[in-house]
Amino acid sequence: MTGGPTLTCLGAARTVTGSKHLVQIDGRRLLVDCGLFQGRKELRERNWQPLPVPPESIEAVVLTHAHLDHCGFLPRLVAQGFKGRIFCTPATADLARIVLADAGRIQEEDAERANRKGYTRHHPALPLFTSEDADRAMARLQPVGYERPVPVMDGVTAEFLDAGHLLGSAYARLVVQATGRTLLFGGDLGRYGRPVLADPTPVTQADVLVVESTYGDRRHAEDDEGAALAKVVNGTLARGGKVIIPSFALGRVEELLYWIATLEEQGEIPEVPVYVDSPMAATVLTAYRKRMSELDEPVRELAEAAAGGDRVAAERRLCAFTTATLHVVQSIADSRAVQESPAPSIVISSSGMATGGRVLHHLVRALPDPRNTVLFAGYQAPGTRGHAMRAGAAYVRIHGQEVPVKATIDALDSLSAHADADEIMRWLGGFTRPPAVACLVHGEPEPMDALKARIERDLGWTVQTPGHRATVAL
Ligand code: ZN
């Protein structure tokens, strides 16, 4: 590569998954994020294609956070020859270990099932990576605290700033020592005024800015302090039913538990058994509890007061991401007992779009009973059971049987961890001068183009929206 520094988008370019930003400076290479493509088949197939540069020629990875669409390609990158270090915050290191071990195991199980049942074009079907690949990648993690610049490659330092999107989430600020130029990679941008996580850190300038645009054309529902959730829970309990919440996304279970505990404490809902049915949930909850000091007030204040011997604070459930009666279900046998029990309760189980996982077993039992509610807490992609139920399907097919949808179907749309268009504009509004290069990534074309137009109109910047594998001169 000749000429000045460049950025090549190897993922999340006019789409929302597969974040991989290749930075080349004086012929040296580093990668910001190393995510998996998810969703449509033609996107998922990109996970099998070779990268345009040899993985061993990349000197370092700088990782913004632990969601799979940002870190899920790391095991494959290492298996293909990457030998550098993976810089991230300590909390991101904890969470990445959990999610990648889980993803490796699922990949292995899926390949094994495909081979056993013969539903594969590939003989034999292979996992994209194994849990052993995940372990090998995690040995390369180099945790670095927030706001501590460290050298990541000759002549380049990286610093993490709290992005408020997930425990440990960050923007990565790269500084090229020779020129003093700063490159700010926004990762995923969090939200303002939400519980559990801090607001996104304000930034005033960068020479190069790369920022997400997931909700570039939308405004999230007004914050209602849990009122919508309380209404659903109270209505369902009054009928003697169960609330089933399909949810998986790392961080969302913690926010749900925060709201349930708050509503219980305020007497807005009765104390009710809550089951989190997911083998991974317990370890993620432990990671959150361990890092209370990195979270938002009031969680942080309560944790500090409790640590200082304040007994009232120590007993507050918010502080431990627990509710009056929280059960984290691990074994299949315990999961089955919860599925079969008709007793009123709240069940949070994966997957979030009801495409697989243990929640399907809960749905088979719960859907035919009009006393129950299925409450969706996240985006439902077209083609998923979640999307069909939200659209009013009378039946859904689960495990080969037609299950009648008699339960109430509801949705909470205020739980997104991504900034909406107004919040992105608020954050960009902190810049005191326009970046020389501003790129939008991590968005579908429609919201991305809408946000580009809005930034150009309201802020007067020039905005680029590079396509897949396109290279931008910095
Ligand atoms: Zn994310």
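The values are calculated or read from the model by the stated rules, or taken from the named source; none is laboratory data. All values derive from a computational prediction rather than experimental measurement. Please note: Cβ atoms are built from the backbone with ideal geometry, for glycine as well, and neighbour counts cover all protein chains shown. These area figures cover heavy atoms from the full protein model, side chains too; ligands, DNA and RNA do not enter into them. Shrake-Rupley method; radii C 1.70, N 1.55, O 1.52, S 1.80 Å.
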Next item on the list: Quick one: pull the percent of accessible area on the range 227-415 belonging to carbon and sulfur, 1.4 Å probe, ligands and nucleic acids left out.
Entry: 52
Notebook entry, point to check: What does the highest-first list of 187-193, 130-136 look like by mean Cβ count within 10 Å?
Noted result: 187-193, 130-136
Notebook entry, point to check: Long-range amide H contacts for VAL347: which residues qualify at under 5 Å (H placed 1.01 Å from N, peptide plane, sequence gap of 5 or more or a different chain)?
Noted result: VAL243, ILE244, ILE245, TYR275
Checklist line | Percent of C-alpha pairs per 10 Å bin, the chain, short to long | finding: 4, 20, 30, 27, 15, 5, 0
Check: Looking at the square roots a ≥ b ≥ c of the eigenvalues of the Cα gyration tensor of the range 227-415, which shape do they give, rounded for a/c under 1.5, prolate if a/b is larger than b/c, or oblate?
Finding: prolate
Note to self: Please enumerate, by chain and number, the lysines with C-alpha under 24 Å from the C-alpha of LYS231, excluding those fewer than 8 residues away in the same chain.
What the structure shows: LYS242, LYS406
Next item on the list: Please work out the Cα center distance from the range 245-284 to the range 109-169, rounded to the nearest Å.
Entry: 26
Notebook entry, point to check: So who's got an amide H within less than 5 Å of the one on ALA13, skipping anything under 5 residues away but keeping other chains? H placed 1.01 Å off N, in plane.
Noted result: HIS442
Next item on the list: With both partners inside the range 343-474, how many of the DSSP beta bridges are antiparallel, as a percent to the nearest 5?
Entry: 40
Check: Roughly how many whole Å is it from the C-alpha centroid of the range 192-218 to that of the range 329-375?
Finding: 35
Item checked: Nitroxide proxy distance, nm - points 7 Å out along Cα→Cβ at THR204 and GLN49 -> 4.2
Note to self: For Cα pairs less than 8 Å apart in space and 6+ apart in sequence, what is the mean separation divided by the residue count of the chain, i.e. the relative contact order in percent?
What the structure shows: 18
Notebook entry, point to check: When DSSP beta bridges are limited to those with both residues in the range 227-415, what percentage is antiparallel, rounded to the nearest 5?
Noted result: 15
Checklist line | GluC sites (Glu not before Pro) lying in DSSP loop within the range 219-295, provided at most 10 other Cβ fall within 10 Å | finding: GLU222
Next item on the list: Give me the accessible area per residue for the chain, probe 1.4 Å, as a whole number in Å².
Entry: 41
Note to self: List the lysines whose Cα sits under 22 Å from the Cα of LYS452, skipping any in the same chain fewer than 8 residues away.
What the structure shows: LYS20
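Suppose only helical runs count, i.e. DSSP H with n ≥ 4. What mean residue ellipticity at 222 nm does that imply for the chain under -39500 (n - 2.57) per run, divided by all residues and rounded to the nearest 500 deg cm²/dmol?
Result for the chain: -9000 deg cm²/dmol, rounded to the nearest 500.
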Check: Out of residues 5 or more away from ARG181 or on other chains, whose amide H comes under 5 Å of its own, with H placed 1.01 Å from N in the peptide plane?
Finding: VAL176
Item checked: DSSP bridge pairs, the chain: antiparallel proportion in percent, nearest 5 -> 45
